[in-house]
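Participant: One structure is given below, represented as C-alpha cells, and several questions about it will come after.
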Amino acid sequence: MQLFRVPADRNVQAQLAMQEIERLRALDPGADWSQFAVIARTHATLEPIRAYCEQARIPYRTGERGAGLSSVKTREGQRVLAALRRRSGRLVRSGALARWVALLARREPGNPWWEDLAVCTETLASAAGGVPVPAADAVEWLYESAGAHLREARGHLNLCTAHGAKGREFGHVVVLDAGDWPVAEEERRLLYASGSEGG
C-alpha cells in the first residue's frame, strides 16, 4: 500500500492517479484494464478520470452493479432518448436507429456510453428483425438493457464509488480523496474495505 499526499483537487488527483496506473501497467504490459480500479466517495470526484479516459481513449466502465449509473442517464443516453421522445406516438426504424447510434459511437471512440448504447440499439434491431417499432418501446428497451454490456465488459478500467466497489476484488486500486470523505468511523471502515480488496 502506498499513500500519496496531494492537493484535494479533483483534476490534479485524476492526473496523478492515471500516472500511477500507467506506471503499474508498464510493470506488467499484459495486465488487463479490468484489474485496475479508481475508487472515490462520489461520482463527481470520478468525473475528471472519466474525461481523462475519453481524451486518452482508455476504455472504462462505472464498475457499479445494480444501482450503478446507467448509460441512459448520461448525456449520451439523454441525446438518444430525446430523439426517440420527439417521435412519441410514431414508429421508429430500429435498423436506422442502430446505424445512427453506431455513427455517434464511431465519432467518439473509447466512449463506453456510446459503446453500450450501440450494443443496445443493435440488439433491438436484431430482435425486431428490422421491422419498425413504436418509439415508446425503443425507450423502454434502452431503460431495461442499458448498462448490462458495461457491467460485463472486460478490458475496461473500473471507476466506482466506495459503495459500488464494496465486496469486489481488483488487482490494483487507487483511492481518491478530494476532501469529500467524512471523518465518521463508519466511512473510514468503508474506505479501508474498498482499498484492501486489491493490492
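The values are calculated or read from the model by the stated rules, or taken from the named source; none is laboratory data. Everything quoted here is computed from the prediction, not taken from an experiment. Please note: Cβ atoms are built from the backbone with ideal geometry, for glycine as well, and neighbour counts cover all protein chains shown.
Participant: May I ask you to say which residue of L91, L104 is surrounded by fewer than 21 Cβ atoms within 10 Å (Cβ to Cβ), under 24 Å from A128 (Cα atoms) and in contact (Cβ under 8 Å) with a residue 40 or more places away in the chain? Working first, answer last.
Facilitator: Details: L104 fails: in contact (Cβ under 8 Å) with a residue 40 or more places away in the chain.
Selected residue: L91, the only one of L91, L104 that is surrounded by fewer than 21 Cβ atoms within 10 Å (Cβ to Cβ), under 24 Å from A128 (Cα atoms) and in contact (Cβ under 8 Å) with a residue 40 or more places away in the chain.
Participant: Let me ask you something else. Just checking, does the range 51-72 include any residue being within 18 Å of N158 (Cα to Cα), part of a helix (DSSP H, G or I) and touching an Asp or Glu at 6+ places or on another chain (Cβ under 6 Å)? Reasoning before the result, please.
Facilitator: Within the range 51-72, the first condition is being within 18 Å of N158 (Cα to Cα), and the residues that meet it are 51-71.
Subsequent filtering for residues that are part of a helix (DSSP H, G or I) retains 51-56, 71.
Checking which are touching an Asp or Glu at 6+ places or on another chain (Cβ under 6 Å) leaves us with 71.
Yes, some residue in the range 51-72 is within 18 Å of N158 (Cα to Cα), part of a helix (DSSP H, G or I) and touching an Asp or Glu at 6+ places or on another chain (Cβ under 6 Å).
A quick yes/no check of all residues on (1) modelled with pLDDT of 80 or more; (2) of a type in the set (V, I, T); (3) closer than 25 Å to R79 by Cβ; (4) out of contact with any helix residue (DSSP H, G or I) (no Cβ under 7 Å at 6 or more places or on another chain):
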site: A136; (1), (2), (3), (4): yes, no, yes, yes
site: V139; (1), (2), (3), (4): yes, yes, yes, no
site: A148; (1), (2), (3), (4): no, no, yes, yes
site: C160; (1), (2), (3), (4): yes, no, yes, yes
site: K166; (1), (2), (3), (4): no, no, no, no
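Participant: Could you please give the count of residues in the range 1-19 that are of a type outside the set (K, R) and crowded, with 16+ Cβ neighbours inside 10 Å?
Facilitator: Of the residues in that region, 5 qualify.
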